[in-house]
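Take a look at the structure set out below.
The values are calculated or read from the model by the stated rules, or taken from the named source; none is laboratory data. Source: prediction; values computed, not measured. A quick note on method: Cβ atoms are made from the backbone with ideal geometry, for glycine too, and the neighbour counts reach across all protein chains shown.
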Amino acid sequence: MEMVRLYSLQDLENLPRTKWNIKQPPESEERENALETGGLDLVLVPGLAFTVNGRRLGRGKGYYDTFLNRCRATQATPPFTVGLAFSQQIVADIPTDKNDACIDLVLYRM
C-alpha cells in the first residue's frame with residue numbers, strides 16, 4: 001500500500017476502481033509517493049474494532065499495519081495515527097502480534 005498525491009476531490013473521483021472496488025491510480029501513472037517526499041503528519045486509520053489504548057482490528061490483510069510500520073521505520077518523525085470509531089466498536093481487548101501497529105489515539109463517543 002502506498003499513499004500518493006491527489007490534487008483535488010475530482011482527481012480522487014476520477015481514479016479507476018480495481019477488481020476489489022478500490023479507487024487506485026493505474027500503475028502506468030507516476031504519482032508522488034508520501035514516503036519518498038517527506039512522509040505524512042497524520043494518518044486516519046480504519047478499523048472494525050478498537051481498544052481505548054490503541055489496539056485495532058482491521059480486515060486481516062495487514063495493509064495498514066505494514067504501511068504504518070514502514071512510516072515509523074523511515075520517517076524521522078512518524079505520523080500521528082488516529083482511529084475514528086462508534087462506541088459499538090470499542091472493545092476491552094484485541095489480541096495482537098509483533099506485526100500489528102498500535103495507533104496513537106482513538107476518537108469515539110460513549
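Residues that are in a loop (DSSP other than H, G, I, E, B) and either in contact with an Asp or Glu (Cβ under 9 Å, 6 or more places away or on another chain) or not acidic (Asp, Glu) (or both) were ranked within segment 28-46; the one that is nearest to residue 99 (Cα to Cα) is 46. Could we say that residue 49 is in contact with a helix residue (DSSP H, G or I) (Cβ under 9 Å, 6 or more places away or on another chain) and either of a type in the set (A, V, I, L, M) or farther than 28 Å from residue 6 by Cβ (or both) here? Spelling it out, residue 49 is indeed in contact with a helix residue (DSSP H, G or I) (Cβ under 9 Å, 6 or more places away or on another chain) and either of a type in the set (A, V, I, L, M) or farther than 28 Å from residue 6 by Cβ (or both). If you go through segment 61-100 and keep only what is of a type in the set (A, V, I, L, M) and either touching a Cys at 6+ places or on another chain (Cβ under 9 Å) or free of Cβ contacts under 8 Å to residues at least 40 places away in the same chain (or both), you end up with 68, 73, 76, 85.
Residues in segment 47-60 that are under 12 Å from residue 103 (Cβ atoms), touching a residue at least 40 places away in the same chain (Cβ under 8 Å) and in a loop (DSSP other than H, G, I, E, B): 47, 51, 52, 53, 54, 55.
Screening 12, 6 for residues that are modelled with pLDDT of 85 or more and loosely packed, with under 15 Cβ neighbours inside 10 Å leaves exactly one candidate, 12. For residue 73, work out the one condition from (1) in a strand (DSSP E or B); (2) of a type in the set (A, V, I, L, M); (3) exposed (fewer than 10 other Cβ atoms within 10 Å of the Cβ) it doesn't fulfil. It is condition (1) that residue 73 fails.
Table: residues versus (1) modelled with pLDDT of 95 or more; (2) surrounded by 11 or more Cβ atoms within 10 Å (Cβ to Cβ); (3) assigned by TED's automatic domain parsing to the domain that holds residue 5; (4) at positive phi.
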| residue | (1), (2), (3), (4) |
| --- | --- |
| 26 | no, no, yes, no |
| 43 | no, yes, no, no |
| 48 | yes, yes, no, no |
| 53 | yes, no, no, no |
| 56 | yes, yes, no, no |
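Scanning segment 79-110 for residues that are of a type in the set (Asp, Glu) and either touching a strand residue (DSSP E or B) at 6+ places or on another chain (Cβ under 8 Å) or at positive phi (or both) turns up 100, 104.
Among all residue pairs at least 6 apart or on different chains, which show Cβ distances below 6 Å where the first residue, located in segment 11-27, is assigned to a strand (DSSP E or B) and the second is exposed (fewer than 10 other Cβ atoms within 10 Å of the Cβ)? Cβ pairs passing all conditions: 23/17.
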